[in-house]
Amino acid sequence: MLKNSILFLLSTLPFIGLSQNVSDIAIDSLYREDQIYFGVTYNTLIDTPKAYTQTDFSPGLKAGFIRDFPVNKKRNIAVGVGLGYAFNSSAQNLKITPNVNGSFDYEFMSGQNYQKNRFSYQAIEIPVEFRWRTSTAQSNKFWRIYTGIKASYIFTSRTFFKANNETTIYRDLELSPWQYGLTLSAGYNNWNAFIYYGLNPIFETVSINNNPLDMKSFKVGLMFYIL
């Protein structure tokens, strides 16, 4: 279902932008840009232990609304503040299981004697961007570079593990509820490259053999903006 959603998003967004360009839009000297966004990302982790291995494609989806506040007369420089939703998944060899103390135990699996192992989470996003673009009131096609910081609040999470004779799902993982990171979007018209660099560990006070698990998120993908 997730793969179908990604394919549908990629196939429809270019036509959304096309319909905007060919329609008759009245010229607005106080125009704002790029107030709705959709994104697809490839997720990975950085600052990982040597035993860590990413085992499969790890996707992310995001969508939301950003209020655009131009700060100059040409309105090609702006600040954007938004609110959105994100789903992120990570497929790797870190097995997470509950223990008798009500928390979780963690271990890196060295063999490949399992079919699937991943954790995922859903979050509310609060992006803040500094925006530069070559836009005008007469054109919806322009170059852009948007950079900023994003805070995300994780409101649900789960881990999924499947082996030959075992399938387990556990929820409410020990993830840091607030995630912070730097963002960069750059491109032309509907198609824009996107990078997210996490600033704080994704797990909250988690250790393996007394070694803190300080892994951070790193995401690359595509971002689509519409008015």
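The values are calculated or read from the model by the stated rules, or taken from the named source; none is laboratory data. Note that the coordinates shown come from a computational prediction; the quantities given were computed from them, not determined experimentally. Note that we place each Cβ from the backbone using ideal geometry, even for glycine, and neighbour counts take in every protein chain shown.
When segment 156-175 is limited to residues that are of a type in the set (S, T, N, Q) and buried (at least 17 other Cβ atoms within 10 Å of the Cβ), the one that is farthest from Met223 (Cα to Cα) turns out to be Thr159. Among the residues making up segment 158-190, those that are under 30 Å from Asn140 (Cα atoms) and free of Cβ contacts under 8 Å to residues at least 40 places away in the same chain are Gly181, Leu182, Leu184.
I need the full set of residues from segment 141-187 which are part of a strand (DSSP E or B) and among the aromatic types (Phe, Trp, Tyr), in order please. Can you show your working first?
As a first pass, look at segment 141-187 and keep what is part of a strand (DSSP E or B): 143-163, 166-171, 175, 178-187.
Those that are part of a strand (DSSP E or B) and among the aromatic types (Phe, Trp, Tyr): Trp143, Tyr146, Tyr153, Phe155, Phe160, Phe161, Tyr170, Trp178, Tyr180.
Could you check how many residues of segment 78-104 are over 24 Å from the mean Cα position of the chain (by Cα) and surrounded by 13 or more Cβ atoms within 10 Å (Cβ to Cβ)? Count: 2. Annotation: of all residues in segment 188-227 being of a type in the set (S, T, N, Q) and in a loop (DSSP other than H, G, I, E, B), the one that is modelled with the highest pLDDT is Asn200.
Here is a list: Lys95, Lys62. Which entry is charged (D, E, K, R) and at pLDDT below 95?
Values: Lys62 fails: at pLDDT below 95.
Step by step, each of Lys95, Lys62 is checked, and only Lys95 is charged (D, E, K, R) and at pLDDT below 95.
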